[in-house]
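See below for the structure under consideration.
Nothing in this text is a laboratory measurement; each read-out follows from the coordinates by a stated rule. The structure displayed is predicted, hence computed values, not measured ones. Don't worry about glycine lacking a Cβ; one is built from the backbone with ideal geometry, like all the others, and counts go over all protein chains shown.
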Amino acid sequence: GDSVTQMEGPVTLSEEAFLTINCTYTATGYPSLFWYVQYPGEGLQLLLKATKADDKGSNKGFEATYRKETTSFHLEKGSVQVSDSAVYFCALSHYSSNTGKLIFGQGTTLQVKP
Amino acid sequence: KAGVTQTPRYLIKTRGQQVTLSCSPISGHRSVSWYQQTPGQGLQFLFEYFSETQRNKGNFPGRFSGRQFSNSRSEMNVSTLELGDSALYLCASSPEGGSSYNEQFFGPGTRLTVL
């Protein structure tokens, strides 16, 4: 079945450092890919998405490119801030299955120190 | 527009009891999905409802059930609670079911503790 694998955390960075969180997926067909962020005590917020190969999603300085050849969707940010500290989830869903089902990775905790 | 709301935010129950959680989607959204979040298993899909019909179901026992009303509000029920049911239960709505291009908007969740 479909699955998503993320790098294990926690990831601890200093403010203004470069961030990469790796995400790879296994899926049939052409899924859509997402990054969600969860701040303490809150639900999930969509950070960015990509719906087809080579698409680049971007939002709030974060970027991720849908790489079909490597089945990857790595999250990057050039300069992190303390306010970026949160848990980040990579996820996929299938248009063809006609459902709102999201399959999530295990989540990666990011801690940014001033 | 108001976001997805979930009630109650916190619940404490004992083993063997049953519980009902409620979710009100964003106005105009017809698809509601439920997820269970635990430290060990992460985020797992429970079920999705669209136009009052369950369209998809995850791999959970029959003790987990749900329904959707004509106004798109949804409830999920867990009967005969077990300690392992302690989790954050998240509800998400989207404006049109059936398209992975649509963003799912998540509520803050209901934290269920089973003692």
Lys/Arg +1, Asp/Glu -1 at C-beta; chain A dipole; positive extreme among A:VAL112, A:ALA27, A:PRO40
A:ALA27
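Say R0 is 35 Å: what FRET efficiency, to the nearest 0.05, do A:GLN111 and A:THR26 get from their beta-carbon distance?
For R0 = 35 Å, the calculated efficiency reads 0.75.
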Sequence-distant residues sharing a close amide H with A:HIS74 (under 5 Å, placed H)
A:CYS23, A:THR65
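Convert 10 °C to kelvin, take the viscosity as 1.306 mPa s, use the Kirkwood radius over C-alpha pairs of chain A as Rh, and evaluate the Stokes-Einstein diffusion coefficient in µm²/s, rounded to a whole number.
Working: Rh = 14.2 Å.
Roughly 112 µm²/s, to the nearest whole number.
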Using modelled backbone amide H atoms (1.01 Å from N, in-plane), which distant-in-sequence or interchain residues come within less than 5 Å of A:GLN111's amide H?
A:VAL11, A:THR12, A:LEU13
Could I have the simple spin-label model distance between B:GLU103 and A:SER3, label points 7 Å from Cα toward Cβ, reported in nm to one decimal?
3.1 nm
Translational diffusion coefficient, Stokes-Einstein: compute it for the protein assembly as shown using the Kirkwood radius over C-alpha pairs as Rh, at 10 °C and 1.306 mPa s, and state it as an integer in µm² s⁻¹.
88 µm²/s
Using a 10 Å cut-off on Cβ to Cβ distances, tally the other chain neighbours for every residue of A:36-44 and report the average as a whole number.
5
Could you tell me how far the Cα centroid of the stretch B:11-80 sits from the Cα centroid of the stretch A:1-64, in Å?
25 Å
Quick check: pseudo-label points 7 Å beyond the Cα along Cα→Cβ at B:SER27 and A:LYS56, how many nm apart are they?
3.8 nm
Taking a crude spin-label model, label points 7 Å out from Cα along the C-beta direction, the A:GLU16 to B:THR113 distance in nm is 4.2 nm
Per residue of the stretch A:86-93, in order, report the coupling 6.51 cos²θ - 1.76 cosθ + 1.60 (Karplus, θ = phi - 60°) as ³J(HN,Hα) in whole Hz, putting x for Gly and Pro.
4, 9, 10, 10, 8, 8, 9, 8
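Taking the Cα centre of the stretch B:7-115 as origin, sum charge times position over the Cβ atoms of Lys and Arg (+1) and Asp and Glu (-1), and report the length of that vector in debye to the nearest 20. Numbers along the way, then the final one.
Working: 10 positive and 7 negative charges, 52 e Å.
That gives a dipole near 260 debye.
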Per residue of the stretch B:59-66, what does 6.51 cos²θ - 1.76 cosθ + 1.60 with θ = phi - 60° give for ³J(HN,Hα)? Whole Hz please, x for Gly and Pro, Karplus curve as stated.
8, 10, x, x, 5, 9, 9, x
Taking θ = phi - 60°, what integer Hz values does the Karplus form 6.51 cos²θ - 1.76 cosθ + 1.60 yield along the stretch B:33-46, in sequence order, with x for Gly and Pro?
10, 10, 9, 10, 10, 10, x, x, 9, x, 9, 10, 6, 9
